[in-house]
Amino acid sequence: MATKKSQRLKVTQTGSPIGRPEDQRATLIGLGLNKMHRSRLLDDGPEIRGMIEKVHHLVRVESVN
């Protein structure tokens, strides 16, 4: 049985959470980001996509295979 590889996303923080609502700061921490220009590889899924949408103005997203 062949296993399908899940899509991965590289999420990089490009904006500062200073002056942003507390829920946006918490979302960045939930994504594993807490400092500018840090990146994380995350599995693509509806939960991650929702978090990214909430802070889309603070992050850059790239697709990684």
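The values are calculated or read from the model by the stated rules, or taken from the named source; none is laboratory data. What you see is a predicted model, and the numbers here were worked out from it, not measured in a lab. Here Cβ is always computed from backbone atoms with ideal geometry, including for glycine, and neighbour counts include all displayed protein chains.
A few points about this structure:
- Failed item in (1) closer than 15 Å to VAL64 by Cα; (2) at pLDDT below 95, with THR3 passing the rest: (1)
- All positions within region 39-48 that are surrounded by 13 or more Cβ atoms within 10 Å (Cβ to Cβ) and of a type outside the set (Val, Ile, Thr): SER39, ARG40, LEU42, ASP44
- Cβ pairs under 9 Å, 6+ apart, first in region 19-30 and surrounded by 13 or more Cβ atoms within 10 Å (Cβ to Cβ), second of a type in the set (D, E, K, R) and in a helix (DSSP H, G or I): GLN24/LYS54; THR27/LYS54
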